[in-house]
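Note sheet for the following structure.
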Amino acid sequence: MNDQNVDKYEILRGLALAGQSRQGLTKAAEAALRQASELVGLQAAAVYLWDEGLKVTLTASHARTETSRERLVSLEEDLFQSLRKDSHVLSAYITIGGDIPLHSFTQPLRRGDHIFGAVVGIQEGERTIVYEDAFLEAFSALLSLNVVADGLSGDEASTLDDLNKARLSAVTETAVTVNHEINNPLTAILGNVQLLLLKRSDLDEELAAKLRTIETSALKIRDVTQRLLHITSFRSVPYADGTSMLDLSDDAEEPPE
């Protein structure tokens, strides 16, 4: 058995043990995606779970760069979602031509005939992930077992709904607290800075520029706290040192004044 096969075995073994110990889907999936990406040479990989209406309810991902992450999200949203919904495609491997070929795949997460998610990934260069189809199929099957072990699919779909509601409630309570504690001092800062800027003729240009920087930063803080307060759905993205943070970038609607 060569080193690559040993590595594949260790990744699959780790996933199986994670499902057995129920250590948590997101943590296990992110670690497995990172290891698989290094082994197979993926620029980015992700796990998506969705409900009966194909609305994404949970994601876990790993990417070498933010550009690769965005490219993978674009392929998932613009191509694979449509193939699943309109053509009932379960798994696919595609190659997009160019100076540097781009290879991508999607493999289903399933329990019997019930499809509740997918693993997707992208790879650049001449090497093609289609040669890794057996490994990726086994990888996806073990991720499916992890999901089922965590009670996040099939008959336990309501568990996920309850969990998401509880998490969203916690986020909302935190947002209310943040707004309450931050808005008063923030309003004072913003009001005084804007009052000083109205008297710009009495200020030298360097001081005025610094005040404008403070005003811009204060407005950004207000915008973030308002987005957090009006959040209706959420997903976590990797931040640093194994921690995660809420991704507010998908909140396209501006919060009311």
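The values are calculated or read from the model by the stated rules, or taken from the named source; none is laboratory data. Predicted model, so just to flag it, every value in this text is computed and none were measured. All Cβ positions, glycine included, derive from the backbone under ideal geometry; neighbour counts span all protein chains shown. To get the accessible areas, we keep the full protein, side chains included, count just its heavy atoms, and leave off ligands, DNA and RNA. Shrake-Rupley method; radii C 1.70, N 1.55, O 1.52, S 1.80 Å.
Assessment of region 57-75 against the conditions (in contact (Cβ under 8 Å) with a residue 60 or more places away in the chain and farther than 19 Å from LEU142 by Cα) yields at least one matching residue. Reported count of residues in region 197-229, each being free of Cβ contacts under 8 Å to residues at least 24 places away in the same chain, open to solvent by 80 Å² or more (accessible area, probe 1.4 Å) and assigned to a helix (DSSP H, G or I), is 9. Of the listed requirements (1) at pLDDT below 80; (2) open to solvent by 10 Å² or more (accessible area, probe 1.4 Å); (3) closer than 23 Å to GLU66 by Cα, ILE94 misses just one: (1).
All told, ILE182 falls short of being open to solvent by 80 Å² or more (accessible area, probe 1.4 Å), at pLDDT 75 or above and of a type outside the set (D, E, K, R). Kindly establish whether THR187 is modelled with pLDDT of 85 or more, open to solvent by 80 Å² or more (accessible area, probe 1.4 Å) and either part of a helix (DSSP H, G or I) or of a type outside the set (Val, Ile, Thr) (or both). Yes: the conditions hold for THR187. Taken as a whole, the condition of being at pLDDT below 80, among the hydrophobic types (A, V, I, L, M, F, W, C) and open to solvent by less than 50 Å² (accessible area, probe 1.4 Å) does not apply to VAL193. Listed here are the helices (runs of 4 or more DSSP H) enclosed by region 39-154 that have at least 3 residues being touching a Lys or Arg at 6+ places or on another chain (Cβ under 9 Å): 133-149.
Confirm whether GLN81 is within 22 Å of ALA31 (Cβ to Cβ) and modelled with pLDDT of 80 or more. No, not satisfied.
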